[in-house]
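In what follows, a single structure is set out as structure tokens and then discussed.
The values are calculated or read from the model by the stated rules, or taken from the named source; none is laboratory data. Treat the numbers as computed from the prediction; the structure is a model and nothing was measured. Backbone-built Cβ (ideal geometry, glycine too); neighbour counts: all protein chains shown.
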Amino acid sequence: MKPVYTGIGESLATDYFLIGDQLTRDELRYLQRTREFVDGEVLPVINDYWERAEFPWPLIEKLAKLGVVGDGIEGYGCPKMSPIAVGLVAMELNRGDGSLGTFLGVQAGLAMQSIAMLGSEEQKQRWLPPMSRLEKIGAFALTEPLHGSDSVALETSARRDGDTWVINGMKKWIGNGTIADVIVVWARDTADGKVKGFLIEKGTSGYHAEKIEGKGSLRAVWQAEITLTDVRVPEENRLPEARSFKDTGRVLAGTRNAVAWGALGHATAAYDIAVSYAGQRHQFGKPLHSFQIVQERLVRMLAEVCSMQLYCLRLGRLIEEGKLTDTIAALAKMNNTRKARQVIWEARDLLGGNGILLDFHVMRHMADIEAIHTYEGTETIQTLIVGRDITGVGAFT
């Protein structure tokens, strides 16, 4: 028995508040195009890649043909996408698989946006067009082994030496770090103490990346532990508009929007699977969905999915209006990843023993949401960011 997938704008199963009516024709096209890719190409094969912890290169090649890589960047060969279209693509990819959603988030939301927001015109012209076609892969190296949530305390150093910079340090949990053609590396200038961004190209001497093994989450995308030993980067590869950690934060604030949409994708998948399963599975002589307690749980799950949708829709509108703040993005990320965890847990429980089998997909989503709940700022840190905003008191340094 395989779950039947439905989705926002297509069925009342997951569009109970008729959010689809709020989407433009172009946004619906992006949604449908990505859904067809997920249902036709991703779901039939992804469990095998996930179980073997193998990067799905054939799916990346097919993803490149969809024309959805660009995170709303204007020009430079990137597809024209509204903020809501960007979110819908993230939602649908994560509905299929969190590894693919994470890959796109690193490629477009972090690496490409760093170049688009903080790079020179020459850097944009060189990198953004091939990255939008997935001919070039990008990575974003901020997190360090000893500084996870406390990323502003990074120790990786950059020392100016004539027309080059010499970079030393370590990074961890760097998505695409072993396969990237260009890596956005954040380091502290030894002269002024400011955090700056640099583009390190594949094959640069002193750059060493090892794939992190033994992950129980997002197994079909590779994260790396990176060692930087006297890596020499030409001045022309420094991001000229990255002058302090505040500029790094501008990139991160935008990606939390996509994470909120991605969490919605995981919750949508889990809810759809649960609804389908409850109608097909018979126990005690009748289908599961005829029991009161099962209906109550399905309705509670639906309520959470609908609330997540409304969060995401409002996020998109705020971006369009230029009103999205880092605290609003933080609240949305915290809310949606927390709710997604609960919805997925309910789905797993409703499926009983079948819930732990990859054939039914829920267990993969349950594992993957743990990483999504943590990266781009943990729930705790997002909570404290919003707490500082509403009280005026910082509970962390």
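Things worth noting here:
- Screening the candidates ALA258, ALA274 for the property of being closer than 24 Å to ALA85 by Cα and out of contact with any Pro (no Cβ under 8 Å at 6 or more places or on another chain) yields one hit, ALA258.
- Among (1) touching a Ser or Thr at 6+ places or on another chain (Cβ under 6 Å); (2) exposed (fewer than 14 other Cβ atoms within 10 Å of the Cβ) - the single one ASP192 does not satisfy: (1)
- Yes/no for TYR49 being buried (at least 17 other Cβ atoms within 10 Å of the Cβ), at negative phi and either aromatic (Phe, Trp, Tyr) or modelled with pLDDT under 95 (or both): yes
- Looking only at residues in segment 73-125 that are part of a loop (DSSP other than H, G, I, E, B) and touching a residue at least 60 places away in the same chain (Cβ under 8 Å), the one that is surrounded by the most Cβ atoms within 10 Å (Cβ to Cβ) is ASP97.
- Filtering segment 345-391 to residues that are part of a helix (DSSP H, G or I), closer than 27 Å to ALA329 by Cα and among the polar types (S, T, N, Q) leaves THR374, THR380, GLN382, THR383, THR391.
- If you filter segment 267-305 down to residues that are farther than 17 Å from TYR16 by Cα and in contact (Cβ under 8 Å) with a residue 24 or more places away in the chain, you find that the one that is surrounded by the fewest Cβ atoms within 10 Å (Cβ to Cβ) is GLN280.
- Selection count where residues are assigned to a strand (DSSP E or B), more than 29 Å from TRP50 (Cα to Cα) and either without any contact (Cβ under 8 Å) to a residue 40 or more places away in the chain or of a type outside the set (A, V, I, L, M, F, W, C) (or both), scope segment 220-255: 5
- If you filter segment 272-310 down to residues that are at pLDDT below 95 and hydroxyl-bearing (Ser, Thr, Tyr), you find that the one that is farthest from GLU346 (Cα to Cα) is SER290.
- Qualifying residue in segment 160-177 (condition: on the phi > 0 side of the Ramachandran plot, under 20 Å from the mean Cα position of the chain (by Cα) and outside any loop (DSSP other than H, G, I, E, B)): yes
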